[in-house]
Amino acid sequence: MLQNFRVYQEILTDDNFWVIRADNEGRESCLPPELWRYMFKTAGVTIPANVDATGFLFDCAKIYLSGKGYGKHSVLNLREDSTMEQLEMESDVKFRGGLCLAIESPPQGCLEQHPEVQTCFATTFRLSHYKVCIDLTKWGIEEWVLDYVRPTIRITELVAPRTDCASRFDLYARLAADANKSSRDYLDPKYHSFCKLETREWPADSGCGWNEVTVKISEYPIGMRFLNITSGGKDTQFWDGHYGPKMARLQVEIVLPNLPRILPRETWADTKEPHKLVNEPFD
């Protein structure tokens, strides 16, 4: 029995087991590329003088078992039968705006249907939005990777206006060391590289269909562990009903650089006093 346990332990602690399993299940993109795994395993990466790289190895088991890892992943499991309460239980998401934010299935009033969108959020004339907080370490992204590799973090969401009403949409993302503090503050991307804001405005009869809105954070200081995303909007004609923009398929992608690297601690250090957005988009 003890011998069997040791055999199983050896198998489960062998990265090759998890690489083969991920490949067999079509999840190979959740693990770091082969070049990255090889270079760190063989100490083939240049180490800056002020960095202690002890323990800089990818834990493929942890990454695989997180259910997320690298590559692109959906944040919310939005379905036809979803409710706000259910989504809040399934994910670390909070909805703001009460009845002003609704779940629509199928989306109403759009120029065209999107093959990936059967269900969406719909907004009204009062600003409504939702906030998501992601602990990147629970996604299998190790702390040393966030501190010394600093992969690009790409957030995308499908958004569409109605064909008959003017509207506005905002997508804001921010990295933070502390989840609770960052959820209250909207810092200005002009002063801080670890936050980004994308805004879209449509006139009535814009002729626009579904489009992917993207924010990308690629330069950030060490210590970042949480990704906070806020998405929302409103119609700008104050119509009664859900005539604001539609949002669906929020995804986050963790992208390693093409070549393995270890960055100095000082790279992209943020030494500025906090500068909040003068006009917060979600007030």
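Quick note: the coordinates plus some simple rules give every number you see, no bench work behind them. All of these numbers come straight from a predicted model, not from anything done at the bench. Cβ coordinates were reconstructed from backbone atoms using ideal geometry, including for glycine residues, and neighbour counts include every protein chain displayed.
Running a GNM on the chain with Cα contacts under 10 Å, which residue among Q86, Q251, Q118 ends up with the highest mean-square fluctuation?
Among Q86, Q251, Q118, the largest mean-square fluctuation in the Gaussian network model of the chain belongs to Q86.
Modelled label-to-label distance, I103 and S218, 7 Å Cα→beta-carbon offset: nm?
Result: 3.6 nm between the two label points.
In the chain, if the dipole is taken from +1 on Lys/Arg beta carbons and -1 on Asp/Glu beta carbons about the Cα centre, which of L263, N211, F282 is farthest to the positive end?
L263
Counting each DSSP H run of 4 or more residues in the chain as -39500 (n - 2.57), what helix-only mean residue ellipticity at 222 nm follows after dividing by all residues, to the nearest 500 deg cm²/dmol?
-4500 deg cm²/dmol
Residue by residue through the range 265-277, which ³J(HN,Hα) values in whole Hz follow from phi under the Karplus form 6.51 cos²θ - 1.76 cosθ + 1.60 (θ = phi - 60°), with glycine and proline marked x?
Listing the rounded values in order: 4, 6, 4, 6, 4, 9, 10, 7, 5, x, 10, 7, 4 Hz.
To the nearest 20 debye, what is the magnitude of the charge dipole of the chain about its Cα centre, counting +1 on the Cβ of each Lys and Arg and -1 on the Cβ of each Asp and Glu?
440 debye
Contour minus end-to-end for L263 and V45, with contour as 0.36 nm per residue of separation and end-to-end as the Cα-Cα distance?
In short, 77.4 nm is gained.
Calculate, in nm to one decimal, what W239 and A61 gain on full extension: separation in residues at 0.36 nm each, minus their alpha carbon distance.
58.9 nm
For a test of the definition: using alpha carbon positions, the gyration tensor, and the 1.5 limit on a/c, classify the range 1-156 as rounded, prolate or oblate.
Since a/c reaches 1.5 and a/b is larger than b/c, the shape of the range 1-156 is classed as prolate.
Specify the residue with the greatest mean-square fluctuation among F17, F95, F194, computed from a Gaussian network of the chain linking alpha-carbon atoms under 10 Å apart.
Its mean-square fluctuation being the largest, the pick is F17.
Residues with amide H under 5 Å of S167's amide H, sequence separation 5 or more or different chain, H placed in the peptide plane at 1.01 Å from N; which?
Amide H neighbours of S167: W202, T236.
Using amide H atoms built 1.01 Å from N in the peptide plane, name the residues 5+ places from R225, or on other chains, whose amide H lies under 5 Å from its own.
The answer is A176, A177.
Give, in nm to one decimal, the length gained when the segment between N16 and Q86 is fully stretched (0.36 nm per residue of separation minus the Cα-Cα distance).
In short, 21.5 nm is gained.
FRET efficiency for D205 and K94, Cβ-Cβ distance as r, R0 = 25 Å, nearest 0.05?
After rounding to 0.05, the efficiency reads 0.15.
Mind listing P(r) for the chain? All alpha-carbon pairs, 10 Å bins, whole percents.
Bin by bin from 0 Å, the calculated values are 6, 26, 29, 22, 12, 4, 1, 0.
Springs between alpha-carbon pairs under 10 angstrom, Gaussian network model over the chain: which of N24, N77, N180 fluctuates most?
Top of the fluctuation ranking is N24.
For the range 66-170, just say rounded, prolate or oblate: build the C-alpha gyration tensor, square-root its eigenvalues into a ≥ b ≥ c, call rounded for a/c under 1.5, and beyond that prolate if a/b exceeds b/c, oblate if not.
It comes out prolate by the Cα gyration axes.
Return the long-range amide H neighbours of S128 (sequence gap of 5 or more, or a different chain), with a cut-off of under 5 Å between placed amide H atoms.
G233
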